[in-house]
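For reference, the structure discussed in these notes is given below.
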Amino acid sequence: MNLTSTHLVSSLVSAAQGGEIDAVFEEWKYLLGYERARLDQARRELIGARLADGYSVDDLKLAALGCANDDFSRGKNRTGRRFDQIGNIYHDAARVDEFMLKGEATLALIGERLRIRAERATAKPEALPGQDRRIISPEKFAELHAMLKMRGVKP
């Protein structure tokens, strides 16, 4: 294969992954509060490399969820520095695996909360708390519920 055909194959792979990379990036922005972040070439390459390693879009979204619920990564550490940038989450397979485990623990916790919420919904109205304590939107809640089912976690 010459340089031109290698570049063409690389361009086709990049184009195919483009939508997947965008989906992972948008999830990271949403979960970690980087609303003004831009998808530059370095971020695109990191996410693309993990996709090329065989991780799915859902795996990488799960890693972002794990980071979002990791106190140390969010700045609750001795220095107060946040370690929730794309370069920290998707640096290599070991970090993705670590954050995916944290994400699965988060999903299990969400599943337990769903179970409690379902129990409360069937309880008598006077037994329900008078305050809405929802911390995520109903749409995001439904998406996380679907992710739980996909991973075989009983909510």
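Table: residues versus (1) open to solvent by 60 Å² or more (accessible area, probe 1.4 Å); (2) in contact (Cβ under 8 Å) with a residue 24 or more places away in the chain; (3) part of a loop (DSSP other than H, G, I, E, B).
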residue: Glu35; (1), (2), (3): yes, no, yes
residue: Arg38; (1), (2), (3): yes, no, yes
residue: Arg43; (1), (2), (3): yes, yes, no
residue: Ala49; (1), (2), (3): no, yes, no
residue: Asp59; (1), (2), (3): no, yes, no
residue: Cys67; (1), (2), (3): no, yes, no
residue: Phe72; (1), (2), (3): yes, no, yes
residue: Asn77; (1), (2), (3): no, no, yes
Exercise. Quick one: Gly75 ticks every box in (1) out of contact with any Phe, Trp or Tyr (no Cβ under 9 Å at 6 or more places or on another chain); (2) modelled with pLDDT of 90 or more; (3) on the phi > 0 side of the Ramachandran plot except a single one, so which number is it?
Key: (1)
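Quick one: which of Leu109, Leu114 is surrounded by fewer than 14 Cβ atoms within 10 Å (Cβ to Cβ) and among the aliphatic types (A, V, I, L, M)? Walk me through it before giving the result.
Values: Leu114 fails: surrounded by fewer than 14 Cβ atoms within 10 Å (Cβ to Cβ).
The conditions single out Leu109.
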Exercise. Just give me the residues in the stretch 79-89 being open to solvent by 10 Å² or more (accessible area, probe 1.4 Å) and closer than 21 Å to Met150 by Cβ, in sequence order.
Key: none
Quiz item: Among (1) open to solvent by 80 Å² or more (accessible area, probe 1.4 Å); (2) at pLDDT 95 or above, which single condition is Glu126 missing?
Solution: (2)
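The values are calculated or read from the model by the stated rules, or taken from the named source; none is laboratory data. Values in this document were obtained by computation on a predicted structure and should not be read as measured data. No Cβ is skipped: glycine too gets one built from the backbone with ideal geometry, and neighbour counts run over all protein chains shown. Ligands, DNA and RNA are stripped out before the accessible areas are found, and what is left, the full protein with its side chains, is counted by its heavy atoms. Shrake-Rupley method; radii C 1.70, N 1.55, O 1.52, S 1.80 Å.
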